[in-house]
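Peer 1: Starting off with a structure, shown below.
Where a number appears in this text, it was derived from the coordinates with a stated rule and is not lab data. Since this is a predicted model, take the numbers as computed values, not measurements. Here Cβ is always computed from backbone atoms with ideal geometry, including for glycine, and neighbour counts include all displayed protein chains.
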Amino acid sequence: MYIEIDEIRKAPEQTLRIEFDDTIKELEEENHIQADITFKLLGNIITAKGKIIGDIKSTCERCLKEFNRKIDIKLDEKYMLGNLFDGMDGEIELKENNFLEELGDKKEIDIEDLIYQSVILNSPNQIVCDINCVGDKIIEKYVKKDISDPRLEVFKNIKLEKDN
């Protein structure tokens, strides 16, 4: 699903609201995503603000059981028409407001890609079915429990003297 930049320009007050209710095919898991996004053109910047909610079928990384993971994401993205650093040479220090996506000569914004990136960036590093999940006994035999490095054993015998 794409939104034409000209649609935003022609909308009242250059503000366009989009509702999305579908799946994101780039996500490997089964999913159902709903998003309510408002695009607003401010000079040469387009802001995309809204909310993304949904269910994603996931596999727990501790016990390998499938479960539905709920997502609730606050969306706040910025796009720039054209290129931010055209005509600038050398090194440039990035400031807080420089973190936006340059559209260059693109005429549209990919809504599904915007949602996909937001879901991926807001996903936890380790996806678990429950915060108290301890895993499965079948998996325990594959988990290395002794993580000490034999090369560091020499440091266990060091005695430090206190300075007075």
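Peer 1: State which entries of 10/70; 57/78; 57/95; 10/57 exceed 32 angstrom in Cα-Cα distance in the structure shown.
Peer 2: Beyond 32 Å: 10/70; 57/95; 10/57.
Peer 1: Write out the trypsin sites (Lys or Arg not before Pro) in segment 1-42 meeting two conditions: DSSP loop, and at most 13 other Cβ atoms within 10 Å of their Cβ.
Peer 2: Those satisfying the criteria are 25.
Peer 1: Lys and Arg at +1, Asp and Glu at -1: add these up for the other residues within a Cβ distance under 10 Å of residue 30 and post the number.
Peer 2: -3
Peer 1: Specify which labelled value, from (i) 8, 26, 22, 16, 14, 10, 4, 1; (ii) 11, 40, 39, 10, 1; (iii) 11, 41, 35, 12, 2, 0, agrees with P(r) over Cα pairs in 10 Å bins from 0, in percent derived from the coordinates of the model shown.
Peer 2: (i)
Peer 1: What size of dipole, in debye to the nearest 20, comes out for the chain about its Cα centre when the only charges are +1 on Lys and Arg C-beta atoms and -1 on Asp and Glu C-beta atoms?
Peer 2: For the chain, the charge dipole is close to 920 debye.
Peer 1: Count neighbours as other Cβ atoms within 10 Å of each site's Cβ, and list the GluC sites (Glu not before Pro) in segment 3-91 that are DSSP loop with at most 12 such neighbours.
Peer 2: 28, 30, 91
Peer 1: Of 131, 118, 16, which is farthest towards the positive pole of segment 2-134's charge dipole, taken about the Cα centre with +1 and -1 on the beta-carbons of Lys, Arg and Asp, Glu respectively?
Peer 2: 131
Peer 1: Test of understanding: extend the Cα→C-beta vector of residue 147 to 7 Å, then name every residue of segment 29-66 with backbone N under 16 Å from that spot.
Peer 2: Once the point is set 7 Å along Cα→Cβ of residue 147, 62 turn out to lie under 16 Å by backbone N, inside segment 29-66.
Peer 1: While we're here: Subtracting the Cα-Cα distance from 0.36 nm times the residue separation, let me have the gained length for residue 137 to residue 96 in nm, one decimal.
Peer 2: 10.0 nm
Peer 1: A further question on this structure: Taking only Cα atoms, what is the 0 to 90° angle, nearest 10, from helix 111-121's long axis to the longest principal axis of the chain?
Peer 2: Compared with the principal axis, the helix lies near 20 degrees.
Peer 1: So which chymotrypsin sites (Phe, Trp or Tyr not before Pro) in segment 1-110 pass both tests, a DSSP loop state and at most 13 other Cβ atoms within 10 Å of the Cβ?
Peer 2: The qualifying sites are 85, 99.
Peer 1: Calculated from DSSP H runs of 4 or more alone, at -39500 (n - 2.57) each and per residue, what is the 222 nm mean residue ellipticity of the chain, nearest 500?
Peer 2: -3000 deg cm²/dmol
Peer 1: At what distance in nm do the modelled label points of residue 21 and residue 121 sit from each other, each positioned 7 Å from its Cα along Cα→Cβ?
Peer 2: Label at residue 21, label at residue 121, 2.7 nm between them.
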